[in-house]
Each structure stands twice: as structure tokens, then as C-alpha cells.
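Throughout, read-outs are computed from the coordinates displayed, never taken from laboratory work. It should be emphasised that the depicted structure is a prediction, and the values quoted were computed from it without experimental measurement. Here Cβ is always computed from backbone atoms with ideal geometry, including for glycine, and neighbour counts include all displayed protein chains.
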């Protein structure tokens, strides 16, 4: 068994493994109980697993249109060294998007980019209602994290390709790596420089990350957990359990994300 | 703290469609267990689910017979059709059989009092645990389980693969009402805070360690439990003491 496993098993965290979780949320959610979802508890839990930084979007910002990004901004202001946020985009509310884009620069220390949930908001990635966001992100070389799921008409592989063919300057993170459409995911990661694969819901099945690595895309994979949906130690154990080498582990746990965040900022 | 582990949620054998290359042989499993200090495992053979229970049960018994750290779970079908040979139920202790499972959605029958009344009463009386795989879609869903437990409230149930999203809204009412319901830990470990909050509310006595291997990683379940915010005593209960107690309570013929 590799030495990284033994160290994590003993210590729970490693000081030379400053893990970045690129896909997180915050707050309660209608579909399930999330007991540890307040900013205070999340900050404390991160320390336990050696998570240096999380990039999140609050559930209320995504699901409650009237509230906007208030909770995202407040949480980052409270924990500026631990949290960065994605500006929530609900394409069904164009006035809010207009306002968020106009004020985006004011929150450059809060946001790294945008979070899209096409399956939930029932708007396809290529729909005109996302256009302003993609143009803005492309112009400013920002990160866009979008939920993706294999077979979805809103955010499946076909929709993803329509966007990346058009916008080559933004950084597109595929949340859940177009779950289930693994061959296409690998093809997209190989063919498009500005696309990255994120691991939430990928690591709860053996064999997928192993296939990504075999296909040479370790530079394009980012560690993500949907925290506080899922537990960091569970996902850390799973990633180590793939048996991939230390170099690839370091890239996925923090190296690849660090480059993107530095580049973007 | 070094903890002993007994994994209650593993299958062995080759899947007929193994697109993610996850299947494991018994020897590969034993090697993995040794690497991770997993002392014992309770397993079923995938052919019990995907080929035929009667055939698979025999494969399982043969596979584990000379492996001292592997214990088995038998799969049954409605006895009315006579597909399960009766001799399989002889010498269960010697065969290291420590429970049963059912795949009604895979094997096309209804798991209830009509089909299995006598057998479920027998299991209840003899305190044989029934391992229910919730997530796979091949066994039972929560609604089925609620109905089964209304009829057999003392049945010892181990709910495996409880669900990907936090399932406390489904499982906690069962823990509250039925004293012999236990949760297998792997997907509790996946959900942030589920182990800690379940222990806080219902005690560590109601959880048994499992991984879901080879579909999921044993390392994931181990790392979460080892570093969870519960006492060392509670970790020991979850990791091996509870399942040892459950097995000890089985009243073999």
C-alpha cells in the first residue's frame, strides 16, 4: 500500500497536501438532510481533512431566485482564506444576471467565476439565456463550473461541446464529468484545452478515475466533492484507493486547481 | 489507534458485463483485505444475484469453505417454486453462513408475508440477519422495507448501500421504531456528517462497517470511519464489535 495512504490513515491530513475542493455548496437543501452545511461548521470540518480551500455556491443562491448571491458573499467575507465562491446563475432570471455581471468586478476577491445548474433550471447550456454569462466569462478568462450529466439534453456531452467549440478562453469545469458518458468525457478532455473534469459522484464508483488516468488526462482532473453533501475523507480515501501514483494524486488533489485559480486571478 | 475491521458488504465473482473492470476473484479480495488490515468479510457471490440463487449459493459455499476469514450470505427465492434445494440450509454454521439476502426486483417476486411469511418468521426467531441492498435497485426500496418491518418488527435487518444522497429521512424512522435494524456504514460515510449524527441520535450500536467493494473503494470507508468525530469506543463497535455480536446471537439449529 502506498505511503500516502499510510500517512492519511494515521494523520487524517497531510501538511504538504493542500487540498483544493473545486465543487462545493453551502446551506440546507430540499432533497436531503445536510447537518454540517453552515459556513462555521464547514470551515471547521475542512481543517480535519486538510482542505486548504473550497470553491462553493450556496444552495439558496441557486434555488431561491429572490436572494441572489448574498450568502456567497457573506461567507467568503467571513472566511476569505478558506472559501471562494462561484456567482450563481439562474438563466430564468435575466435581470438578476445583468445585475450580477455589472457588479462582478466589485467582488473580484469573492468570485472565481460562475456556477450553472442546467438540469435543475431546465435550460440547456447552449440556450440564449446563458449567452451573456459565457461571453462575459470568455472575455475575462473566468472559470465556469457547470453541472453535467450523461444523456441530459440540458448539460450532456452534446451541449458541452456546443459551448467549448464556441468559447475557447473561458475555463469550463465539467461538474460530475458528464456522469456516465465516460468515453465521451475522456474524448472532450483530450480535445479541448480549456476543459477540466471534476470528480463529485465519479469517485463513488470504482474503475472510472482509473480509466481517466489510463487515457492520459491526469492534468485535466480536479478534486471535488459537493461538500457538504459528501465527506472529504471518504473521497480522499477513494482517490487514493484508485492506486494512482503520488504525482497524479498531487495534481488532482491540488496542483491542477491551483494553476487554474492563479491563472484566473 | 489501530482498529480491526469486519466488512459486511462485499460481493465476489465476475460480472457478466464488467465495463468498469471492477470484478474481483476471492484471491484478489483476500489480498486487498490483507493490504488494508480488514480481518474478515461477509460476502455473497455475484452469481447468486445474476445467474441463479441456487447455483450461486453453491458457488459461494465452495469459495469460502477453505477461507477462514470469509463468511457467507445465502440468497433465496420463493420456496413455492422449488428452485432452492433444501439441503442448502443444513449445517449453516459449519458452512459459515451468517445471513440471507433477497433480490425480489431482480428475481421477479414480491418479498412479503404472502410469499415468505413462514421463512421471515423463522429468520426473525432465529435472529439471522437479512442483508438488504437498497441502492442497487435489485432488492427492495424503502417503501418495501417499511412494509416488511410492519409485519416482522423483530427481524434483524442490515441495510446495505443505503443511498447516495443522505438517507437519514428514510433510515432514522426505522432506527427509532425497530430495534433490530442496523445500517451498513459505507454510504453513511459518504454523506457528510451522517455517521456522526446517527451515532449521536441512535448510538453506535446501530451501525456496522461495510465498503460496497468491489463497486466502491474499501479505503474510502476506512478513512472516513477512522477520522470521524466519534469516540474510539464507538469506532470499535461500528468496525467489528456490533457485527460480531449479531453473528453470536444467531440461533443455529
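For a quick size check, give me the Cα extents of region A:18-264 along its three principal axes, largest first, whole Å.
Principal-axis extents of region A:18-264 (Cα, largest first): 47, 40, 34 Å.
Classify region B:150-251 as rounded, prolate or oblate from the Cα gyration tensor: take a ≥ b ≥ c as the square roots of its eigenvalues, call it rounded if a/c is under 1.5, otherwise prolate when a/b beats b/c and oblate if not.
rounded
Length gain on complete extension for the stretch residue B:39 to residue B:169, per 0.36 nm per residue less the alpha carbon to alpha carbon distance?
Working it through step by step, the gained length comes to 43.6 nm.
Springs between alpha-carbon pairs under 10 angstrom, Gaussian network model over chain B: which of B:180, B:101, B:62 fluctuates most?
Answer for the Gaussian network model of chain B: B:62.
Report for region B:5-248 the percent antiparallel among DSSP-assigned beta bridges with both residues inside it, nearest 5.
5
Run lengths n ≥ 4 of DSSP H only: what is the helix-derived mean residue ellipticity at 222 nm for chain A, with -39500 (n - 2.57) per run over all residues, to the nearest 500?
For chain A, the value works out to -11500 deg cm²/dmol.
Please figure out what share of the DSSP beta bridges in the protein assembly as shown is antiparallel and state it in percent, rounded to the nearest 5.
Counting DSSP beta bridges with both partners in the protein assembly as shown, the antiparallel share is about 5 percent.
Could you put A:153, B:221 in order, starting from the residue whose Cβ has the fewest other Cβ atoms within 10 Å?
Listed from fewest to most nearby Cβ atoms, that is A:153, B:221.
Only counting other Cβ atoms within 10 Å, I'd like A:115, A:139 sorted with the fewest neighbours first.
Fewest to most other Cβ atoms nearby, the residues stand as A:139, A:115.
When the chain is fully extended, how far beyond the present Cα-Cα distance does residue A:106 get from residue A:129, taking 0.36 nm per residue of separation?
Gain in length upon complete extension: 6.0 nm.
Let me know the shape class of region A:1-102, please: from the alpha-carbon gyration tensor, a ≥ b ≥ c as square roots of the eigenvalues, rounded when a/c is under 1.5, otherwise prolate if a/b is greater than b/c, or oblate.
prolate
Note down the nm distance, to one decimal, between modelled labels 7 Å out along Cα→Cβ at residue B:16 and at residue B:31.
Distance between label points: 2.8 nm.
Considering every pair of different Cα atoms, what Kirkwood radius, in Å, is found for region B:5-248?
Result for region B:5-248 stands at 18.0 Å.
Sort out for me the Cα centre separation of region B:129-192 from region B:37-69, rounded to whole Å.
Here the two parts' Cα centres lie 22 Å apart.
Using 7 Å Cα-to-Cβ label points, what is the residue B:201/residue A:47 separation (nm, one decimal)?
So the two model labels end up 2.7 nm from each other.
Report, in whole Å, the centroid distance computed from the Cα atoms of region A:1-61 and region B:205-225.
When both Cα centres are located, 19 Å separates them.
Determine Rg/Rh for the protein assembly as shown; Rg is computed over alpha-carbon atoms and Rh is the Kirkwood hydrodynamic estimate from the same atoms.
1.00
Quick check on the exposure proxy: order A:152, A:61 from fewest to most C-beta atoms within 10 angstrom.
Lowest to highest Cβ neighbour count: A:152, A:61.
With each run of n ≥ 4 DSSP H residues scored as -39500 (n - 2.57), what mean residue ellipticity at 222 nm is computed for chain B after dividing by its residue count and rounding to the nearest 500 deg cm²/dmol?
-11000 deg cm²/dmol
For a test of the definition: using alpha carbon positions, the gyration tensor, and the 1.5 limit on a/c, classify region A:178-265 as rounded, prolate or oblate.
rounded
Most mobile of B:89, B:100, B:138 per a Gaussian network model of chain B (Cα springs, under 10 Å)?
Checking each option, the largest mean-square fluctuation is seen for B:89.
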